[in-house]
């Protein structure tokens with residue numbers, strides 16, 4: 001990671017902590033669980049994409065931190081709920097006990113609810129940009145998070161356990177479950193940076209391809225990496241009998257698919273006249289990662 005991206009990640013970490021509540025007269029254990037869930041590690045890819053997209057179109061990092069935190073709080077909430085026994089039943093996240101293991105199932109459900117609410121509060125309060133931009137980003141994030149996006153994709157994933165999905169359905173599943181939030185991160189950052197209408201379309205396509213490539217590699221790593229490296233249980237997709245890209249097309253072919261999508265991402269950045277190397281580097285980190 002270059003010093004510039006490292007600085008962005010550090011700014012994101014500070015902002016995530018700043019926007020999270022620290023004390024509550026009525027629900028201190030909830031506050032503790034929220035901070036645990038949101039601050040206990042992670043790649044921070046989504047908030048860094050927000051910041052990089054904003055800066056790539058002339059925006060300021062300081063302005064991008066609100067939508068960056070919003071998208072990461074949504075991501076954190078989704079992981080808390082995904083780990084629950086009723087969902088994926090995972091007891092490890094970022095190398096630590098999952099939130100429901102550390103705080104209990106009821107607290108974990110409420111923690112996810114609170115992080116989702118906080119995301120939209122922080123985004124709506126981003127007074128440094130025009131109200132119309134904030135409203136558009138609220139709509140984008142809500143759509144990416146809800147029944148058309150992440151939540152719908154999670155339902156499709158659970159309903160597909162034990163079934164063999166074809167490539168078209170598998171791509172559709174992950175475009176919703178994983179890709180929609182990554183796409184919205186790119187879109188929100190670009191809007192906060194003042195992107196043109198034409199470049200916004202290209203950046204949306206960039207987000208689509210990057211989201212799919214990210215998930216393909218996630219599936220590959222579930223097969224090839226260890227629990228210690230991943231910070232979460234390796235082989236969980238196989239145990240849950242889920243359809244994955246390696247299972248459908250083989251590990252080597254899945255990696256090739258991700259690399260082809262990465263090439264598409266780079267070409268879209270060129271077409272959008274993105275001169276900054278931040279988004280190119282982030283896309284490479286997302287696809288060529290080891291965890």
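Tabulated data
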quantity: Filtered residue count, the range 270-291, keeping only those that are at negative phi and over 20 Å from the mean Cα position of the chain (by Cα); calculated: 7
quantity: Residue 86, sole failed condition from (1) more than 27 Å from residue 28 (Cα to Cα); (2) outside any helix (DSSP H, G or I); (3) free of Cβ contacts under 8 Å to residues at least 60 places away in the same chain; calculated: (1)
quantity: Hey, residue 274 outside any helix (DSSP H, G or I) and touching a helix residue (DSSP H, G or I) at 6+ places or on another chain (Cβ under 7 Å) or not; calculated: yes
quantity: Some residue of the range 91-104 being touching a helix residue (DSSP H, G or I) at 6+ places or on another chain (Cβ under 9 Å), in a helix (DSSP H, G or I), buried (at least 22 other Cβ atoms within 10 Å of the Cβ) and modelled with pLDDT of 95 or more; calculated: yes
quantity: Matching residues, the range 56-65, being assigned to a helix (DSSP H, G or I) and surrounded by fewer than 24 Cβ atoms within 10 Å (Cβ to Cβ); calculated: 61, 62, 63
quantity: Residue ranges of helices (runs of 4 or more DSSP H) in the range 117-201 with at least 2 members under 14 Å from the mean Cα position of the chain (by Cα) and either modelled with pLDDT of 95 or more or buried (at least 17 other Cβ atoms within 10 Å of the Cβ) (or both); calculated: 131-145, 150-159, 180-193
quantity: Residue identified as touching a helix residue (DSSP H, G or I) at 6+ places or on another chain (Cβ under 7 Å), under 29 Å from residue 195 (Cα atoms) and part of a helix (DSSP H, G or I) among 248, 268; calculated: 268
quantity: Residue among 47, 21, 29 that is under 24 Å from residue 111 (Cβ atoms), part of a loop (DSSP other than H, G, I, E, B) and modelled with pLDDT of 95 or more; calculated: 21
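The values are calculated or read from the model by the stated rules, or taken from the named source; none is laboratory data. Everything quoted here is computed from the prediction, not taken from an experiment. Cβ coordinates were reconstructed from backbone atoms using ideal geometry, including for glycine residues, and neighbour counts include every protein chain displayed.
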